[in-house]
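Below is one structure; the comments refer to it alone.
Every number in this text was worked out from the coordinates using simple rules, so none of it is lab data. This structure is a prediction, so every number in the text was calculated from the model and none was measured. Methodologically, a virtual Cβ is constructed for each residue, glycine included, from the backbone with ideal geometry; neighbour enumeration extends over all protein chains shown.
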Amino acid sequence: MRILKFIGCIIIAMLLTCCDGEPEPEMRIDAPVNFPSITYNTQKNPVTTKGFELGRSLFYDGILSRDGTISCGSCHQQGAAFSHRGHIVSHGIDDKLGTRNAPPIMNLAWQKYFLWDGGVHDLDLQPVAPIQNPVEMDEKLERVLDKLRNHESYPDKFDQAFGSNEINTERLLKALSQFMVTLVSGNSRYDKYKRGEGEVLTSDEIEGLNLVQQKCASCHSTDLFTDLSFRDNGLDETTKTDYGRYAITLKETDRFKFKVPSLRNVEVTAPYMHDGRFRNLDMVLDHYAEGVHNNANLDPLLKQGDVLGISLTKDDKARIIAFIKTLTDRQFLRDTRFSEASK
Amino acid sequence: MKNLYIYLVLLIIVASSCSSNDSEIKPNEKGTLTLHFDNVVGDKDLTLTSGVYTNSSSESFSVTTLKYFISNIKLKTTDNKEFVVPQDSSYFLVDESVEESQDLLLKDIPAADYNEVTFTIGVDSARSVSDVSKRKGVLDPAETDMYWSWNSGYIFFKMEGTSTAIDDSFYYHIGGYGGYSSDAKTFNNIKTISIHFGGDKATVRSTIEPEAHFYVDVLKVFNGETTLSIKDHPMVMFSDYSVNIATNYASIIEYGHVHNDPKK
């Protein structure tokens, strides 16, 4: 018996020392069991408490912008699932307007491509785009690094997160990723219902869920409620010059295609579509029911024979919206670990 | 008489240094090789901003910015053995406004007689999609303005300038590595070229530091397989037309000469 205990101790000691030199990840991405598997490679960037905290400080710090006024959190606000509630497009530095609606930041660990057109293929490279965009933060990465190196507390924070106070592009971007991948939204009423955690949905909500599964889930699929693909959903583009995915692939068949957004938390992310053209969810459903345009690249799912759009009665729409509201994750929207106040 | 004596000494030094060119190569002997890129416009040297030149569309122009990546360098010996420069030491950005950037110093090159070099103008597709930890030096988006953040990828070749043909500036920012996935496939403007040193050779030894000179003729960006008119195409960035410019810049580099100077 003693020998067994002794061997047990040795095994535990070996387990404890096996990762010597490499800081053990202290935080896990809370992957809900009803989600598919994670895409982000945490092996190359393990999330640690200090890395997460550094990422959070950077996320909420105007130091990333040219004149110190715009942080990531300016246009990605927690109460709006890290989108910009009420803003068709966001105003960045010098009150300049962007061209697209700021998307929510949630469940990014499951995303393969970033931005509405998928122009960025790696979350670690994503923040370079808003930092350097002349109408967003309008700053040079090189200057951001200089400001951080000369800051009174960032060198220490980088030291705690990465083992030395060196501040470079890789560490800046990986710290931001560590914060962003932990922004997981999977505790809505729907999730708790789905996982059998005692939540009950009303009959309208259940009917709405069934309607979403029949009529919406080809694109808003899995419990991420998006298949992450790029599609033309029949918006009126006659006077528009934002060609979406076409700008990235230069393929005519990609003109006016945009990434399918998740339905999660959409109750708080109005306005909708890549250009924020719809003020509320009623307008979105009216679009799918009656407003779909026969664009050249219109998604075939929105064109059955000669009929455009999705057939939805007034009651259908109301039930779908009732269901969609069960996807609001109050816990996520209020989680103090993610809030600016904790930075 | 005294002068003659000095000449005699010099002659001996020169003769002895020449004979060392063909000296036996010791096992594991290493040396350096410098590739020098001299940017020119036809038969004139390129002078940024103030130099005025004319292309074959009779457009007068000046160049204000010229930068391009040279990467993935391979050397070939006179007896056809290849040496691949280790990849992490094989990314360079030549910038006409930074003199040191025009000398690509390759270190730890096995001693041999080399007479051909192969390299990429641009950044290979693997490194274009690599993890941020692999993006150091000239590949660091903070170090240069040769990275597109909105459509992640490097600008391989950048030439900007002014022209009376448009009374304004022209911009050529050429990149495009083929796309990060099969559904994001685009054109590929990565150009890999091999340049032979004619009858010359770069004799890399621990005692000799050869420097190979290349001429990079920006006039050929305009006067190539495609005649590029500034008036018709004042701004070419990520677009299908960029393929024509990339095809042109694939043949702008030619061999000049080699200095096999003794180590200083």
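Each semi-axis of the equivalent ellipsoid for segment A:117-259 is √(5λ) with λ an eigenvalue of the Cα gyration tensor; in descending order they amount to 38, 27, 11 Å. The Cβ shell under 9 Å around A:K317 holds other residues with a net charge of -2, Lys and Arg each +1, Asp and Glu each -1. Scaling the Cα radius of gyration of the protein assembly as shown by the globular reference 2.2 N^0.38 Å produces a ratio of 1.18. Against the empirical 2.2 N^0.38 Å (N residues), segment B:169-222 has a Cα radius of gyration ratio of 1.81. Projection of the Cα convex hull of chain B, averaged over all directions and equal to a quarter of that hull's surface, yields 17.8 nm².
Exposed loop sites here mean GluC sites (Glu not before Pro) with a DSSP loop assignment and at most 12 other beta-carbon atoms within 10 Å; chain A contains its longest site-free run at A:198-343. Between A:T238 and B:K185, the modelled label-to-label distance comes to 3.6 nm, taking each label 7 Å out from Cα in the direction of the beta carbon. Across chain B, the longest run free of exposed loop sites, meaning GluC sites (Glu not before Pro) lying outside DSSP classes H, G, I, E and B with no more than 14 other Cβ atoms within 10 Å, spans B:25-224.
Please give the calculated 222 nm ellipticity per residue for chain A, where each DSSP H segment of at least 4 residues contributes -39500 (n - 2.57) and the sum is spread over every residue; nearest 500 deg cm²/dmol?
-9000 deg cm²/dmol
What is the local net charge at A:P36, summed over the other residues whose Cβ is closer than 13 Å to its Cβ (Lys, Arg +1; Asp, Glu -1)? The answer is -1. Sorted ascending by nearby beta carbons within 10 Å, beginning with the fewest, B:S58, A:S74, B:S97 become B:S58, B:S97, A:S74.
Return the calculated 222 nm mean residue ellipticity for chain B, to the nearest 500 deg cm²/dmol, obtained by summing -39500 (n - 2.57) across DSSP H runs with n ≥ 4 and dividing by the residue count.
Details: 4 runs with 36 residues, N = 264.
Helices in chain B give a 222 nm mean residue ellipticity of -4000 deg cm²/dmol.
Sparsely packed loop sites in segment A:269-337 (the trypsin sites (Lys or Arg not before Pro) outside DSSP H, G, I, E and B with at most 16 other Cβ atoms within 10 Å) comprise A:R277, A:R279. Gaussian network model of chain B, Cα springs within a sub-10 Å range: biggest mean-square fluctuation belongs to which of B:T77, B:T34, B:T144? In this elastic network of chain B, the residue with the biggest mean-square fluctuation among B:T77, B:T34, B:T144 is B:T144. Take segment A:203-265, compute every pairwise Cα distance, and split them into 5 Å bins from 0; I just need the percent in each bin. Computed distribution, short to long bins: 4, 17, 20, 19, 15, 12, 7, 4, 1, 0.
Please sort by residue number the trypsin sites (Lys or Arg not before Pro) in segment B:161-226 whose DSSP state is loop and whose Cβ has at most 14 other Cβ atoms within 10 Å. All intermediate terms of the calculation are to be shown ahead of the outcome.
Numbers: sites: B:K185, B:K191, B:K201, B:R205, B:K220; in loops: B:K185, B:K201, B:R205.
Passing both the DSSP loop test and the Cβ count: B:K185.
With distances taken between every two different alpha-carbon atoms, segment B:39-99 has a Kirkwood hydrodynamic radius of 14.4 Å. A Stokes-Einstein calculation at 20 °C with viscosity 1.002 mPa s, built on the Kirkwood radius of segment B:84-130 over Cα pairs, returns a diffusion coefficient of 168 µm²/s. Taking the Cα centre of segment A:137-215 as reference, the dipole from Cβ charges on Lys and Arg (+1) and Asp and Glu (-1) amounts to some 140 debye.
Please quote Rg/Rh for chain A to two decimal places, taking the Kirkwood radius as Rh and restricting both calculations to Cα atoms. Please report the intermediate quantities before stating the final value.
Working: Rg = 22.4 Å, Rh = 21.9 Å.
My calculation puts Rg/Rh at 1.02.
Considering only A:I29, A:I320, A:I88, the Gaussian network model of chain A with Cα springs below 10 Å gives its largest mean-square fluctuation to A:I29. For the options A:L327, A:L145, A:L183, a Gaussian network treatment of chain A with springs between C-alpha atoms closer than 10 Å singles out A:L145 as fluctuating the most.
Can you give the alpha-carbon Rg of segment B:151-199 over 2.2 N^0.38 Å, where N counts its residues?
Details: Rg = 16.0 Å, N = 49, 2.2 N^0.38 = 9.7 Å.
Rounded to two decimals, the normalised Rg is 1.66.
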